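In what follows, a single structure is set out as structure tokens and then discussed.
FYI, it's all coordinate maths here, none of it is from the lab. Since we're looking at a predicted model, the values are computed, not measured. Methodologically, a virtual Cβ is constructed for each residue, glycine included, from the backbone with ideal geometry; neighbour enumeration extends over all protein chains shown.
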Protein chains: 2
Amino acid sequence: MIILGIDPGSRKTGYGLISKEGNRLIHIDNGAIFTSSAKDFPQRLQQIYFGLCGIIEEYQPTAVAVENVFVAKNVQSALKLGQARGAAIVAAVCGGLSVFEYSASQVKQAVVGTGRAEKLQVQQMIKVLLNLPEIAQEDASDALAVAVCHANSAGMNNLVRLAR
Amino acid sequence: MIILGIDPGSRKTGYGLISKEGNRLIHIDNGAIFTSSAKDFPQRLQQIYFGLCGIIEEYQPTAVAVENVFVAKNVQSALKLGQARGAAIVAAVCGGLSVFEYSASQVKQAVVGTGRAEKLQVQQMIKVLLNLPEIAQEDASDALAVAVCHANSAGMNNLVRLAR
């Protein structure tokens, strides 16, 4: 069962793919879609959408996990982040995938064991949990973290139950 | 030359289609995609995306115009609006269409002649300009207004020039 975690952003959208085999989590791939070469904002959204469609086609994940965002620096950055998030979620739902949303504290709880963990702690735990050679790039690490959160969540357990 | 104007919203996305023939603007259709029946937010985005894809397939517009948003009630509503806008723009760019963005004051200037016009003045002018039997529903009227703005804009004139 392959899970795609996404950390959307208008300049950089992180992605992370893991599979859950029994109780084991196995790292498949991680990276980021960079949109800085886009000539305008709609083109950035297009790059996020097509980038994720390609990843979904290549790895055929079973579910998509995205961190739920409740805060932003200001309205302008919330609008930009929202649009990137919209493009990412549309890529997932158009790929026929269910999208599961988790709060930042749920992700921290799932990865580190406390909802108040620091960012670096999460990154280090992701490295350990997924046996990575080094700490993944920030957005990719965040994407892996939300994928791990989904793998360990009730939603995932329900999916497993349904599949039996 | 058919222009699709979109007024994205997470609960209701207005659309308006006009054609420009010489200096004449002709109303084709207007309406709204309602997403209140969706079971979750990702499904709302899917409904916006598929709704607009269907409209683009049916009417084959040449360009898409969207009002640029700079303000929102708060960060939460900006995130929601941003996601709806992202889904709408992805539908347009995936349909191979160029997306043109205009500020609220550009739209008011183009429709009423002053960037400080009231909302009702814009709606009344849209009714007159497009020879509608009555004032269109609010989101649809806003979508028609941004389409009219594009039809009268330099961007549109450039497109006409390129097409010759």
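For A:GLU134, the distances from its label point to the matching points in the remaining copies are 6.7 nm, ordered from shortest, with each point set 7 Å beyond Cα toward Cβ. Could you tell me the relative contact order of the range B:2-163? Use alpha-carbon pairs under 8 Å, at least six residues apart, and round to a whole percent. RCO, the range B:2-163: 31 percent.
If you plug the beta carbon distance of B:LEU120 and B:ALA38 into 1/(1 + (r/R0)^6) with R0 = 22 Å, you get a FRET efficiency near 0.15.
Computed 3J(HN,Hα) for the range A:60-70, one whole-Hz value per residue from the Karplus formula 6.51 cos²θ - 1.76 cosθ + 1.60 where θ = phi - 60°, is 6, x, 8, 8, 10, 10, 9, 6, 7, 10, 10, glycine and proline marked x. Packing here is the average count of other Cβ atoms within 10 Å per residue, and on that basis the peptides A:111-122, B:14-25, highest first, run B:14-25, A:111-122.
The other copies place their A:TYR59 label points at 3.8 nm from this one, listed shortest first, where each point is 7 Å from Cα along Cα→Cβ.
Distance between the C-alpha centres of the range A:100-146 and the range A:10-42: 14 Å, rounded to the whole angstrom. Note that the range B:78-93 has calculated 3J(HN,Hα) couplings of 5, 5, 5, 4, x, 5, 4, 5, x, 4, 5, 5, 4, 4, 5, 5 Hz, one per residue in order, obtained from phi through the Karplus relation 6.51 cos²θ - 1.76 cosθ + 1.60 (θ = phi - 60°); glycine and proline are x. The mean number of Cβ atoms from other chains found within 10 Å of a Cβ in peptide B:67-77 is 4, as a whole number. As a ratio to 2.2 N^0.38 Å, the alpha-carbon radius of gyration for the range B:45-115 is 1.22. Peptides B:75-81, A:82-88 ranked from most to least packed give A:82-88, B:75-81, packing being the mean of other C-beta atoms within 10 angstrom over each peptide's residues. Starting from the label point of B:LYS119 at 7 Å along Cα→Cβ, the same points in the other copies fall at 3.8 nm, in ascending order. Note on the protein assembly as shown: the alpha carbon radius of gyration divided by the globular reference 2.2 N^0.38 Å gives 1.08. Each principal axis of the Cα cloud of the range A:2-163 was evaluated for its coordinate range; sorted largest first, these ranges are 44, 33, 29 Å. Protection proxy ranking of B:44-53, B:89-98, by the mean of other Cβ atoms within 10 Å over each peptide's residues and highest first, is B:44-53, B:89-98.
Over all directions, the projected convex hull of the C-alpha atoms in the range B:1-43 averages 3.4 nm² in area.
Across peptide A:87-96, the mean count of Cβ atoms from other chains lying within 10 Å of each residue's own Cβ comes to 6. Pairs from the list A:LYS80/A:LYS108; A:LYS108/B:LYS12; B:LYS39/B:LYS119 with a Cα-Cα gap above 28 Å: A:LYS108/B:LYS12; B:LYS39/B:LYS119. Take the Cα of B:MET1, step 7 Å toward its Cβ, do the same at A:ASP29, and the gap between the two points is 4.1 nm.
Axis of helix A:154-163 versus longest Cα principal axis of chain A: the two differ by about 70°, to the nearest ten degrees. Note on A:38-51: average number of Cβ atoms from other chains within 10 Å of each residue's Cβ is 4.
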